[in-house]
Amino acid sequence: MGSARRRVQTSMHTETPEKSPLTRVRDRRPSGWRIRVATAAICLLYAASFFYVTRHGSSRTVDPAEARGPEKAAENIDRPAPAAGGHAHENFDRSAPAAAGHAHNRAVPGDALLLGPDTTLLVVCATRPEYLRRVLDAVRRLHPAVAIDPAHALTVVVSQDGRHAGVAEVVREFVAWADGRGLSAHHLTHEKPAGNLRTSGYVLLARHFGRALGSIFDGSAYGAASAVPQTQRVIVLEDDIAIAPDFFAYFGRTAGLLDADPKLYAVSAFSDNGRPPHAVDKKRLLRSDFFPGLGWMMTRSLWEEFGEQGWAPNGYWDDWLREPDIRKGRQVIRPEVSRTFHFGEQGGVSGNIFGRYHNNIILNDLDVDWEREDISYLRREEYDARYLSRVESATLLDVKEAVRRAQSRAGGATEWYRIEYRSQREFTSIARRLGIMGDEKAGVPRTAYGGVVEARVLAGDGTTTTFIYVAPPTDELRRKFALDGVQ
């Protein structure tokens, strides 16, 4: 593949432990009565701490023996969702939080929500060192190894296209940080092909993705003697994407669902219409026929369907993943409120053509405790039945009347309206009126599920919202939600 790879060996980082308060008191050699007073005070402090922990509980590191196996994954996914509570729009398709201590859907030592070494974070970069530094600084802050044994933490691979010196230095700093904490971090470099200056930037980027993913899944990214387990899934992140506080926990919580559901082929952290007032519920996840990209997770089984030789042969890798022959009727999981934010305005191959939309995307700022969130409602059969029922029960209006009613409301319970469209042109017109993206890829509007795209309209009082479904006519909608699932 014409690639020069370097494996970075990791080692455990040790620090001299800080002296305890009692040790520091002894070192000062004060008079006897001061020692007795200080000792008494410290004893009282420890007693108070013990009392607090006894009353309120404590955090602990879970022993690897408590890791949940694959059989627990199916149990979680199949568990019926509890009845929703609270405001209708806040728990719209999301079940109530599960009770503390319920089983997780990943077999990861320690906290099952934290991704293990069978998952690799791939960061793709080329010539933008300052952008890359911003991304890797966020990875440092949020890396799951903060809470578990580094030996059980996900691997990070930074794949550099070309040999830009500034980028290489940023990567070296990151792997040195990882090395000092016993984490697995690797730097791949790929030589840009010589003599084809006319090759599209999209094609070069797609080839870079293909080489990097191929190296990860065949194990060569980690070196011949690596002890890293076989990679089962990869989270793909580009060098101009900011991540939310719960970015890793979000993927950790959905990994089991992706592994178990044959009707899913990816999980994305991005929400194409994740701007106000359309993005509200920070805990709500949805199924979608549209692949958003911009921070996403794929499995080994998906890679094995096409491999490096079959990967995006004509460039435009994201559009290629949206093609019917590749998607094969499968969907992705996405959040209502985005877990990623595209901040790159310079140097990207797309020229930031969607900047006017992306600049207004809300990046989730809530560190959601995904351990307590039951996501069994995303199971396809249950999700489809519930979703179709809600869409069909919404009040049917034209776009003008729907917007008028929504904007004139003042208080009261959430209302649901449905606006039908019969062509892409009609959908684009409706989308423009509602302030959502109106384009499509491979015949699928952005964020659509079964042809349904969601929007919210804010009333004049600035607080009352109305939920709107933009959907195909009922007969077509029912065909899409057939017994074998959305196609």
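The values are calculated or read from the model by the stated rules, or taken from the named source; none is laboratory data. Since the model is a prediction, treat every value here as computed from it, not as a measurement. Note that each Cβ is placed from the backbone with ideal geometry, even for glycine, and that neighbours are counted across all protein chains shown.
Tabulated data
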quantity	calculated
Residues of region 253-282 classified as under 21 Å from ALA138 (Cβ atoms) and in a loop (DSSP other than H, G, I, E, B), total	6
Residues (under 23 Å from the mean Cα position of the chain (by Cα) and more than 10 Å from GLY210 (Cα to Cα)) located in region 306-328	TYR316, ASP318, ASP319, TRP320, LEU321, ARG322, GLU323, ILE326, ARG327, LYS328
Hey, ALA168 modelled with pLDDT under 90, more than 25 Å from ASN364 (Cα to Cα) and either surrounded by fewer than 19 Cβ atoms within 10 Å (Cβ to Cβ) or not assigned by TED's automatic domain parsing to the domain that holds SER215 (or both) or not	no
Close pairs (6 angstrom Cβ cut-off, 6 or more residues apart or separate chains): closer than 20 Å to GLN230 by Cβ and touching a residue at least 60 places away in the same chain (Cβ under 8 Å) in region 147-170, crowded, with 24+ Cβ neighbours inside 10 Å and among the hydroxyl-bearing types (Ser, Thr, Tyr) anywhere	LEU154/THR119; THR155/THR120; THR155/SER184; VAL157/THR120
One residue from GLY451, GLY462 being of a type in the set (Gly, Ala, Ser) and either assigned by TED's automatic domain parsing to the domain that holds VAL280 or farther than 22 Å from ARG404 by Cβ (or both)	GLY451
Matching residues in region 238-252 - criterion: being part of a strand (DSSP E or B) and under 10 Å from the mean Cα position of the chain (by Cα)	ILE243
Qualifying residues in region 331-360 (those that are among the hydrophobic types (A, V, I, L, M, F, W, C) and at pLDDT 95 or above) - the one farthest from PHE251 (Cα to Cα)	PHE341
Residues satisfying the stated conditions in region 127-150, i.e. modelled with pLDDT of 95 or more and hydrophobic (A, V, I, L, M, F, W, C)	LEU132, VAL135, LEU136, ALA138, VAL139
Search result, residues across region 279-326 that are surrounded by 15 or more Cβ atoms within 10 Å (Cβ to Cβ) and among the small types (Gly, Ala, Ser)	ALA279, SER288, GLY293, GLY295, ALA312, GLY315
Subset of region 172-190 (residues that are touching a Ser or Thr at 6+ places or on another chain (Cβ under 6 Å) and modelled with pLDDT of 95 or more)	LEU188
Options ALA112, ALA153; residue that is crowded, with 20+ Cβ neighbours inside 10 Å, under 30 Å from GLY344 (Cα atoms) and at pLDDT below 95	ALA153
Criterion: touching a Lys or Arg at 6+ places or on another chain (Cβ under 9 Å) and in the same structural domain as HIS342 (by TED's automatic domain parsing) - qualifying residue of ALA244, ALA249, ALA260	ALA244
